[in-house]
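Presented below is the structure to which this report refers.
The values are calculated or read from the model by the stated rules, or taken from the named source; none is laboratory data. Small disclaimer: the values here were computed from a predicted structure and weren't measured. With ideal geometry, Cβ positions are generated from the backbone for all residues, glycine too; neighbour counts draw on all protein chains shown.
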Amino acid sequence: MSTTPPMVAQSGGRDDVPAATESTDGSIPTNPTSHDRKGTWLAAVFLAPALLLLLVMVLYPIVFSLVRSLYDAPGSSFLGFGNYVSLFTDGNTLTALKNNVIWMVVAPTLVTALGLMFAVLTERISWVTVFKTLVFMPMAVSFLASGVIFRLVYDEEPDRGLANAMLVAVHDTFAPSSSYPGGRPGDPDAFPAADDGTITSAESVSTGSTVPIPLLAVSPDDVPAAATVAEEAAEPGSDSAISGTVWLDFTLGGGGEPDVVDETEKGLPGMEVEAVQDGKVVGSTTTSANGTFTVSGLAPGDYELRLPAANFAAPYNGVTWLGPNLITPAIIAAYIWIYAGFAMVLIAAGMAAIPRDALEAARMDGATEWQVFRRVTMPLLAPVLVVVFVTLVINVLKVFDLVFIIAPGSVQPDANVLALQMWKVSFGGGQDQGLGSAIGVFLLLLVIPAMVFNIRRFKKEQ
C-alpha cells in the first residue's frame, strides 16, 4: 500500500517561495533582510552628525585651501601654480622647509630612542610608578606653557636661565672666572694694555726694585671680601726678586691722589703677576690680601712685569642658546622633553605584550641581556617602534607653538618651520592667503604618506 507524501504549504499558490519555518520555541523569526535594512538606517542616523562635521571641518577647508592656493593674495587673479613656484623660491620658505627636514629626521629619532630607553628602565627599577609619572608629566603641559618654560630655561643670563647656570657652575669648577673683569691700568703710559687685555710694563724693571701698579675700572662689587687696605710693598732685599703693589686706585666719594696708595683704597688679591724676559715667563706669583706681591727666584737683570689677560677677562656666562646657530636644536630639545613620555608609554605597552617565554628561552640558551634585547626584544618590538616614529613624524610637521614662543623675534627666521611660515604669510603680516594656502596644501601632501603608512599597518595588525 503506497502512501502519498504530505504536501508542503505554499504561499499564494507559488511553489518557489520557501515556507516559513518555526524555531525550536515555536516562534517565527523576523525577516533577516528587513533587520539588516533597519540596522543600516540606524547606523546612518548616528553617523550623519559625524559625517556632517567631517565635511564641514575637514573636507571643505581642504578643497577651499586647494582652490585658494591657485589665486593671488587678494583672491582676484588666477595664478595657477604660481604660489607653488614661490613656495620653492622664497628664501624664508626654503629655510622653513630645511628646518622641517631637520625636525623630521632628528626629533622623532631621538624621542623614539629616549622612549625606548625609558621603557627598558621601567622594567628594571623598583620606583617605576614615580619614574613614569615624572617622565610623562610634561605631556600634561601645553606647548604654549612649555614654550614659556624653556624660554626662561634658555635665558642667556645665568642668574635667570637654568641651562647657563648649570654650564657656568661646571665651568667655574674647573676654570674659575677672572676676579676683575674689565680692569684697565691707572697709568697707561707706564703700563699700557694690549688689544687682548694683557697689561705689560712699558719699561724694563730691574731686580731688587719695587713697582706700583694702579688699576681702574674694577667694580667695587668685584673686589673680594678678603681684600684689605692696600699697602706699599717693601723692597725685596735681594737682587733675585721684584716686589710691588696692585691696588684699585679709586676712592668712593672722591679724594685720594692718582698713582699713590691711599689709606682708603683696597688691594686686589689673587691677581697673577708674571716676570717676562726675552718673551718668556721666567717667574710668576699672585698678590696677597693687601695687593702686595714678590716675584722671587729671578736671575739679576731686567724684566718686564705683566698682568695676564686672564685677570681681566669677562666672566663665562654660558652659551647663547637662543642665537641663530643653536635656536633649532634648542627648540628640538624642548620637544624631546615633552614627547619622551608619550613614546615611553607606547613602547612600554609593546614590551608588555612580548611573550616572556621567548625571553626566558633565550636566557636559558646562554644569551646575555644585551643579546636578548638585540636579537629578541628589538625584532618583536619593531612594529611598535615604527608606529611611534611615524606618528612623531606627522606631529613634528605641525609644530608651531614651540617655535613661535621660544624663538625671539630677531632669530625667528632662522628657526622658522612650515606651519609657522604658513601663519606668518597668511595672518602674521604677510596677508597673502594664496601663498599660505599653498603652504598648507604642501604640508598636507607631506603628511598623507605617513598617514597612509600608519593606516595600512593598523589594518595589517587587525
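Below are the figures for this structure:
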quantity: Residue within segment 369-380 that is without any contact (Cβ under 8 Å) to a residue 24 or more places away in the chain and part of a loop (DSSP other than H, G, I, E, B) present; calculated: no
quantity: Single residue of Lys280, Lys266 found to be modelled with pLDDT of 90 or more, under 47 Å from the mean Cα position of the chain (by Cα) and buried (at least 19 other Cβ atoms within 10 Å of the Cβ); calculated: Lys266
quantity: Qualifying residue in segment 232-242 (condition: surrounded by fewer than 16 Cβ atoms within 10 Å (Cβ to Cβ) and out of contact with any Ser or Thr (no Cβ under 7 Å at 6 or more places or on another chain)); calculated: yes
quantity: Subset of segment 238-256 that is of a type in the set (A, V, I, L, M, F, W, C) and more than 15 Å from Met271 (Cα to Cα) - its residue that is modelled with the lowest pLDDT; calculated: Leu252
quantity: Residues satisfying the stated conditions in segment 284-298, i.e. more than 21 Å from Trp247 (Cβ to Cβ) and crowded, with 19+ Cβ neighbours inside 10 Å; calculated: Leu298
quantity: Conditions (1) touching a Gly at 6+ places or on another chain (Cβ under 9 Å); (2) outside any loop (DSSP other than H, G, I, E, B); (3) polar (S, T, N, Q); number of the one not met by Thr129; calculated: (1)
quantity: Top-ranked residue in segment 131-143 [being surrounded by 12 or more Cβ atoms within 10 Å (Cβ to Cβ) and in contact (Cβ under 8 Å) with a residue 40 or more places away in the chain; ranked as nearest to Phe404 (Cα to Cα)]; calculated: Phe143
quantity: Matching residues in segment 69-89 - criterion: being touching a residue at least 40 places away in the same chain (Cβ under 8 Å) and either in a loop (DSSP other than H, G, I, E, B) or surrounded by fewer than 18 Cβ atoms within 10 Å (Cβ to Cβ) (or both); calculated: Ser69, Leu70, Asp72, Ala73, Gly75, Leu79, Tyr84, Ser86
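Every residue, every condition in (1) aromatic (Phe, Trp, Tyr); (2) modelled with pLDDT under 90; (3) in contact with a strand residue (DSSP E or B) (Cβ under 8 Å, 6 or more places away or on another chain), yes or no:
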| position | (1), (2), (3) |
| --- | --- |
| Asp302 | no, no, yes |
| Pro308 | no, no, yes |
| Tyr335 | yes, no, no |
| Ala348 | no, no, no |
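Conditions (1) within 30 Å of Tyr303 (Cα to Cα); (2) surrounded by 14 or more Cβ atoms within 10 Å (Cβ to Cβ), marked per residue:
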position: Thr129; (1), (2): no, no
position: Asp172; (1), (2): no, no
position: Tyr180; (1), (2): yes, yes
position: Glu203; (1), (2): yes, no
position: Thr210; (1), (2): yes, yes
